[in-house]
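One structure is given below, encoded as structure tokens.
The values are calculated or read from the model by the stated rules, or taken from the named source; none is laboratory data. Keep in mind it's a predicted model, so treat the numbers as computed, not measured. Note that each Cβ is placed from the backbone with ideal geometry, even for glycine, and that neighbours are counted across all protein chains shown.
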Amino acid sequence: MDYMDLKEKLFSEIETYRAELIALNDDLADHPEISGQEYESSKKIVKLLEEHGYKTEYPFAGLDTAFRGIYGENNHKYKIAVLTEYDALPEIGHACGHCLSGSISVLAALALRGLQDELNADIHVLGTPIEETDGAKCKMVKDGVFDEYDMAVMLHLYNSNLLSPKLQGLASYMYCFHGKASHASAAPWEGNNALNAAQLMFHAVDMLRQHSKQDAQFHGIIRSGGEAPNIVPEEVTAEFYIRALDKQYLQELIQKVDDCAKGAAIATQTTWDKYETAAIYDNMKENPTGVSVLREIYQELGIPLNGDPDKLFGSSDAGNVSFACPGFHPCLQVADEDVAIHTREFADIMKTGRAHNALAVGAQILALQIAKIFSDEEKIQAMKADFERN
């Protein structure tokens with residue numbers, strides 16, 4: 001088949017399964033499950049895949065709510081991972097749109113399964129839960145799951161259209177300060193105030209901001225601040241997120257924040273330690289060939305590139321995948337520009353006609369990117385060269 005034949009076939013398949021995936025999306029939107037608790041959501045997706053001939057591994061990669069679906073004999077030259085997210089946010093449900101993005105991934109995979117011979121590529125559906133907290137993809141990368149893949153794709157819903165959003169690396173730590181309790185009035189000199197240490201750390205990090213690059217970000221909260229006003233706080237914890245666009249610079253910032261904690265402890269005669277509260281998320285590795293193909297597809301489909309490519313998007317464990325194999329994470333507009341993700345307003349859009357239309361368009365984007373690249377050996381090798389070079 002030439003590209004136009006592939007495109008016609010894919011669009012026909014997408015239309016065939018569209019209603020079924022709209023139903024899945026709406027069901028997931030009505031029954032949101034937070035990170036690590038996506039038991040029913042994952043079961044529903046696995047059941048749908050099995051009904052369409054997929055062999056599934058579930059649980060997968062040592063994660064209760066992860067899965068992998070493989071169609072056919074798995075004997076083609078190339079392997080492609082279609083990443084599927086389905087966790088929701090506490091209190092506000094699918095305000096990141098994972099019910100819709102996960103359904104888009106499944107719809108694209110269903111449309112592509114009949115073209116595996118034509119593309120000489122096996123299309124695997126990987127259920128990757130826990131994106132909002134501890135990043136299942138991070139564990140999968142560390143365990144070598146993506147070492148066999150030639151490409152990994154997914155799509156994120158947003159309030160504008162982007163070929164490759166700026167994903168920052170993200171590190172999450174709990175800083176624990178240990179002091180000595182004493183009566184705050186009768187004998188404060190006998191105590192060492194762990195809350196003072198935490199406060200000093202916050203001030204030090206705030207001073208660090210002005211001497212950090214523009215993409216650096218620090219967010220912190222006090223998790224526990226003491227037991228009672230008349231007791232010198234003995235144990236205090238503060239959780240910090242540290243972000244940067246480059247994984248090496250992120251490591252530098254982590255060391256500097258550690259120094260803020262160390263200095264605060266010295267000044268208050270307390271001690272400190274820390275532990276990770278989530279896996280470290282990497283930035284997105286650039287791949288000009290794959291992004292160029294996405295640009296062609298957005299133009300073909302009449303999708304305006306109306307987003308700011310330099311605006312910081314946030315962080316995702318999809319970044320980690322892009323350092324294991326060529327990875328892509330384009331964005332499709334499903335909300336007006338003034339409606340931010342992670343809001344109730346964004347969650348409310350997930351069952352609208354606009355969302356249902358985005359379901360088909362998103363599947364077209366993913367399916368066409370795979371078809372364009374894997375029907376052209378030169379593009380495959382160029383994409384792989386970009387991955388090795390960058």
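Structure notes:
- Of the residues making up segment 167-177, at least one is in contact with a Leu (Cβ under 9 Å, 6 or more places away or on another chain), surrounded by 17 or more Cβ atoms within 10 Å (Cβ to Cβ), in contact (Cβ under 8 Å) with a residue 24 or more places away in the chain and under 30 Å from ASP122 (Cβ atoms).
- Total residues in segment 339-385 satisfying the condition of being among the β-branched types (Val, Ile, Thr) and more than 22 Å from the chain's Cα centre (by Cα): the figure is 3.
- Helices (runs of 4 or more DSSP H) contained entirely in segment 276-387, each with at least 3 residues that are more than 23 Å from ASP30 (Cβ to Cβ) and in the same structural domain as LEU112 (by TED's automatic domain parsing): 288-300, 318-321, 353-374
- Test for TYR58: is it more than 23 Å from LEU119 (Cβ to Cβ) and in contact with a helix residue (DSSP H, G or I) (Cβ under 7 Å, 6 or more places away or on another chain): yes
- Residue count for segment 123-133, restricted to those that are closer than 30 Å to LEU6 by Cα and buried (at least 23 other Cβ atoms within 10 Å of the Cβ): 5
Condition check ((1) within 17 Å of GLU296 (Cα to Cα); (2) out of contact with any helix residue (DSSP H, G or I) (no Cβ under 8 Å at 6 or more places or on another chain); (3) not hydroxyl-bearing (Ser, Thr, Tyr)) across all residues:
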| site | (1), (2), (3) |
| --- | --- |
| HIS329 | yes, no, yes |
| LEU332 | yes, no, yes |
| HIS342 | no, yes, yes |
| GLU345 | no, yes, yes |
| ALA371 | yes, no, yes |
| ASP376 | yes, yes, yes |
| ALA382 | yes, no, yes |
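- Considering segment 182-208, and only residues there that are outside any helix (DSSP H, G or I) and in contact with a helix residue (DSSP H, G or I) (Cβ under 9 Å, 6 or more places away or on another chain), the residue that is surrounded by the fewest Cβ atoms within 10 Å (Cβ to Cβ) turns out to be HIS183.
- Qualifying residue in segment 134-147 (condition: surrounded by fewer than 24 Cβ atoms within 10 Å (Cβ to Cβ), assigned to a helix (DSSP H, G or I) and touching an Asp or Glu at 6+ places or on another chain (Cβ under 7 Å)): yes
- When segment 160-176 is filtered for residues that are in a strand (DSSP E or B) and closer than 18 Å to ILE254 by Cα, the ones remaining, listed by number, are LEU167, GLY169, LEU170, ALA171, SER172, TYR173, MET174, TYR175, CYS176.
- Candidates GLY179, GLY144 - the one that is on the phi > 0 side of the Ramachandran plot and modelled with pLDDT of 95 or more: GLY144
- Test: residue in segment 18-36 that is of a type in the set (Ser, Thr, Tyr), closer than 29 Å to MET140 by Cα and either part of a strand (DSSP E or B) or at pLDDT below 95 (or both): no
- If the condition is being in a strand (DSSP E or B), surrounded by 12 or more Cβ atoms within 10 Å (Cβ to Cβ) and not basic (Lys, Arg), then segment 209-233 contributes GLN217, PHE218, HIS219, GLY220, ILE222, SER224, ILE231.
- Residues considered: LEU89, LEU115. Of these, the only one that is in the same structural domain as SER41 (by TED's automatic domain parsing), under 14 Å from the mean Cα position of the chain (by Cα), more than 18 Å from ALA23 (Cβ to Cβ) and not charged (D, E, K, R) is LEU89.
- Every residue from segment 261-274 that is touching a residue at least 60 places away in the same chain (Cβ under 8 Å) and in a helix (DSSP H, G or I): ALA261, GLY263, ALA264, ALA265, ALA267, THR268
- Among the conditions (1) of a type in the set (A, V, I, L, M); (2) in contact (Cβ under 8 Å) with a residue 60 or more places away in the chain; (3) out of contact with any Phe, Trp or Tyr (no Cβ under 7 Å at 6 or more places or on another chain), LEU48 misses just one, which is (2).
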